[in-house]
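Accompanying notes for the structure given below.
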C-alpha cells in the first residue's frame, strides 16, 4: 500500500466512484475502494464514515452555498427571487463538477437506499432554505412554500440537465424552470 501520498481523500473518492460505476454501489466494498486508491481501509475511514459518505460528504458545503446566497441576496428581492439566487449559485457550482454530478446521479438512481438518503438531503435543504427566508422576514406559510417550490424547481432543472448530457447550462435551465413556473401561475 502506498502511504503518505497527497490527496488521499480525492483518490479514495475517485476510486469509489469508478467502482460504483463499474460494479454497482451494493457490490463495492471499502476494501476494494482502498485497494484501488492504493491506500488502507483505515485511511478510508479517516476520511469517510462509510461508503455512502463518498456520495454525500459535500452536503454541508452545498447547503451553505445555497442558503448563504439567499441570505446575501438583496432585501428588495421577492422571496422566490431570493431563493432563486441560492438555486442559481448551487447550479453554477454543480456545472463546474458536471461529470461528477452526472456520475453521482446515476449511482444514486440505481439504489433505493441512496435515493432515500438523497430525498432526506433535499428535505434538509428545504428546511434550511425556509429558515433562511424566515430570517429575511418572510412569514409562514410563505417561507416554507417558497423553499419547497425553489427545491422543486432545482430538482426539475437538475433532472433535465442530467438527462440532456449535452453541455447544457444548468443555471440557464434553472431560469427556464422559473419562467415555466411563472407562466403556470400567471396563465401566460
### Euclidean distance of C-alpha centroids, the range 24-52 and the range 68-119, integer Å
26 Å
### Task
Let me have the 222 nm mean residue ellipticity of the chain computed from DSSP H runs of 4+ only, each contributing -39500 (n - 2.57), with the sum over all residues rounded to the nearest 500.
-24500 deg cm²/dmol
### Query
Over all directions, what mean area does the Cα convex hull of the range 23-77 project, stated in square nanometres?
5.4 nm²
### Message
Taking the beta-carbon count within 10 Å as an exposure proxy, list 162, 80, 120 from fewest neighbours to most.
### Response
120, 162, 80
### Query
Considering the alpha-carbon set of the range 8-51 alone, what are its Rg and its Dmax in angstrom?
9.0, 24
### Projected label distance in nm at residue 117 and residue 21, using a 7 Å step from Cα toward the beta-carbon
1.8 nm
### Task
Work out, step by step, the length gained on full extension between residue 135 and residue 50: first 0.36 nm times the residue separation, then minus their alpha carbon distance; give nm to one decimal.
27.2 nm
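Readers should treat all values here as calculations from the given coordinates under stated rules, not as data from a laboratory. If you're wondering where the values come from, they're calculated on a predicted model, not measured in any experiment. With ideal geometry, Cβ positions are generated from the backbone for all residues, glycine too; neighbour counts draw on all protein chains shown.
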